[in-house]
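Okay, so here's the structure we're looking at.
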Amino acid sequence: MNKPEVVMMGLGYIGLPTAALIAQNNTHVHGVDINPKVVETINAGKIHIIEPELDLAVANAVKGGFLKAAISPKKANTYLIVVPTPFKGKNEPDISFVEAATKAVLPLLKENDLYIIESTSPVGTTEKMMGLIYSQRPELEGKLFIAYCPERVLPGNVMYELVHNDRVIGGVNQASTEKAVAFYKRFIKGELHKTNARTAEMCKLVENSSRDVQIAFANELSLICDKADINVWELIALANKHPRVNILQPGCGVGGHCIAVDPYFIVSDYPMESQIIGKAREINNYKSFWCAEKVQTAKLQFEIQHGRKPSIAIMGLAFKPNIDDLRESPAKYIAQKVLQNANNEEYFIVEPNIHEHKVFKLTPYQDAAEKGDIIVFLVAHKEFKTLKLKKDKMVLDFCGVLND
Ligand code: SAJ
């Protein structure tokens with residue numbers, strides 16, 4: 001391959017699609033991942049994650065010679081850091097992957113290079129990495145372009161949103177912002193909004209926190225309505241007829257690797273100020289616990305009414321409707337909790353988007369709905385909306401499947 005123009009540090013859910021997009025535009029990308037299996041898969045023109053249209057994009061980019069993966073970086077002009085930022089200790093962001101990726105590219109940097117972080121990061125991370133770079137390479141001080149540009153793509157629609165979503169781009173100075181904007185302009189059709197690095201970092205955290213807070217409001221309403229004997233979905237639909245009200249949908253909790261995580265990045269740095277953001281996390285976590293308790297109560301009620309143990313259909317394991325992603329899934333957590341409390345009842349576990357699971361024995365959704373005495377809807381998958389349930393079923397609908 002020609003000398004790469006771009007080094008992509010991290011070939012995961014965001015790094016790989018972004019690398020493929022850049023490569024599709026006839027730009028040589030050297031992708032780096034610490035996992036040799038991932039590197040091998042990509043160099044064979046294949047992918048290790050599930051995302052529509054990504055397989056073709058990667059296959060073409062590799063075949064065309066514009067994308068090559070390796071376990072270590074090479075000299076280039078632009079370095080993108082797209083690695084995970086997990087938790088450590090009690091909900092504190094862990095930027096050690098960002099730091100490790102930065103240390104790996106540090107020796108390769110030269111005057112006029114562009115260094116961009118895309119990983120979701122606590123406010124101040126870009127400045128911190130700039131400090132790290134210049135402490136090791138003092139001769140480059142002020143001669144690099146350094147910026148932060150968060151991704152905003154929705155899993156399942158990544159290839160479209162990568163190109164068409166607006167982006168927020170914040171440099172550590174004006175020149176860095178301009179340089180980063182010029183870079184993204186080559187691949188992105190959405191508008192590119194200029195700001196500084198700290199605001200761009202906070203913007204990403206605030207976008208996901210805002211959604212978390214709004215979902216917490218809907219989940220709180222569902223708890224209130226359960227006590228008040230009101231159908232929460234009907235209530236929300238009616239309230240949303242107001243021209244300035246737009247309440248989201250309650251569910252069995254909030255999952256995924258972004259919305260249930262990013263708010264903690266704010267709470268851990270600004271604990272006194274972020275009261276609503278912190279409380280929203282608590283409410284959304286509590287909702288999953290509450291759902292599991294409701295199943296327990298329903299089991300006891302059934303036994304008292306019918307003089308026998310019920311069979312229970314658990315409908316859905318994914319973290320949101322119509323996907324096969326089970327990571328950080330509240331539905332999976334509830335299923336596990338319900339099974340921990342099992343007392344010789346029969347269980348049917350359903351997830352129409354996956355064929356098999358190493359822990360759960362899966363049952364086709366029609367069979368489970370037919371055989372279960374208690375039907376617990378955890379995820380509003382489209383298949384469940386087609387079910388015609390018999391009248392004698394005890395139904396716990398935590399995600400509004402029956403209210404569409
Ligand atoms: N959920 C509800 N009720 C709702 C909407 C969602 O309970 O009304 C639940 C879902 O079931 C799921 C969770 O929230 O468990 C999150 O799902 P989601 O579809 O809201 O978001 P994600 O996690 O798939 O993607 C989010 C997006 N952020 C925003 O919409 C602000 C996406 O644009 C980000 O790029 C992504 O996080 C990310 O990577 O940060």
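Read the figures in this text as sums done on the coordinates, not as results from a lab. Everything quoted here is computed from the prediction, not taken from an experiment. Cβ atoms come from the backbone with ideal geometry, glycine included; neighbour counts cover every protein chain shown.
Under a cut-off of 19 Å between alpha-carbon atoms, report the aspartates and glutamates in cross-link reach of K185, not counting same-chain residues fewer than 8 places apart.
Here the aspartates and glutamates satisfying the reach criterion relative to K185 are E5, D113, E118, E151, E161, D166.
Straight-line reach from K88: which aspartates and glutamates have Cα under 14 Å away, leaving out those fewer than 8 places along the same chain?
D262, D269
Where the centre of each part is set by its Cα atoms, how far does the range 162-184 sit from the range 117-148, in angstrom?
Going from one Cα centre to the other spans 15 Å.
Which of D269, D262, D229, D113 comes first, and how do the rest follow, when ranked by fewest Cβ neighbours within 10 Å?
Numbers: D269 16, D262 25, D229 6, D113 20.
Listing D269, D262, D229, D113 from fewest to most nearby Cβ atoms yields D229, D269, D113, D262.
Can you put M129, M8, M159 in order, fewest other beta carbons within 10 Å first?
Numbers: M129 25, M8 29, M159 19.
Lowest count first: M159, M129, M8.
Report for the chain the percent antiparallel among DSSP-assigned beta bridges with both residues inside it, nearest 5.
On the way: 4 of 43 bridges.
Rounded to the nearest five, the antiparallel share is 10 percent.
How do 304-315, 28-39 rank on mean C-beta neighbours within 10 Å, highest first? Don't jump to the answer; show the numbers that get you there.
Working: 304-315: 17.4, 28-39: 20.0.
My ranking of the peptides, most packed first, is 28-39, 304-315.
Give, rounded to the nearest 20 debye, the magnitude of the charge dipole that the chain has about its Cα centre when Lys and Arg contribute +1 at Cβ and Asp and Glu contribute -1 at Cβ. Display every interim value, and only then the final one.
Working: 47 positive and 47 negative charges, 83 e Å.
The calculated dipole for the chain is roughly 400 debye.
Residues with beta-carbon under 15 Å from that of D392, excluding D392: net charge, scoring Lys, Arg +1 and Asp, Glu -1?
Combined, the nearby Lys, Arg, Asp and Glu give +4.
Please list, or write none, the lysines whose alpha carbon is within less than 21 Å of the alpha carbon of K385, excluding same-chain residues fewer than 8 places away.
Leaving aside lysines fewer than 8 places away in the same chain, those within reach of K385 are K320, K332, K371, K393.
Just to confirm a number: summing +1 for Lys and Arg and -1 for Asp and Glu over residues other than R308 whose beta-carbon lies under 13 angstrom from that of R308, what do you get?
Values: positive: K299, K309; negative: E303, E345, E346, D373.
So the environment of R308 carries a net charge of -2.
Let me know the volume per residue of the alpha-carbon convex hull for the range 6-190, in Å³.
Working: hull volume 20.8 nm³, N = 185.
About 112 Å³ per residue, rounded to a whole number.
Using a Gaussian network for the chain with springs between C-alpha atoms less than 10 Å apart, which of these wobbles most: K241, K75, K361?
K241
Please check: in the Gaussian network model of the chain (C-alpha springs, under 10 Å), which one of C225, C252, C203 has the largest mean-square fluctuation.
Taking springs between Cα atoms under 10 Å, the residue moving most is C225.
Given springs between every Cα pair under 10 Å in a Gaussian network model of the chain, which of T363, T41, T126 has the largest fluctuation?
Result: T41 has the largest fluctuation of those listed.
At most 14 other C-beta atoms within 10 Å and a DSSP loop state: those are the exposed GluC sites (Glu not before Pro) I care about. Give me the longest piece of the chain that has none.
Numbers: sites that count: E53, E111, E141, E191, E273, E356.
Value returned for the longest uninterrupted segment is 274-355.
Given a Förster distance of 25 Å, report the FRET efficiency between E293 and L362 from their Cβ-Cβ distance, rounded to the nearest 0.05.
0.55
If you find the alpha carbon centre of the range 84-101 and of the range 214-258, how far apart are they in angstrom?
32
Summing Lys, Arg as +1 and Asp, Glu as -1, what charge do residues with Cβ under 11 Å from the Cβ of T120 carry, T120 excluded?
Numbers: positive: R152, K204; negative: E118, E151, E201, E207, D262.
It works out to a net charge of -3.
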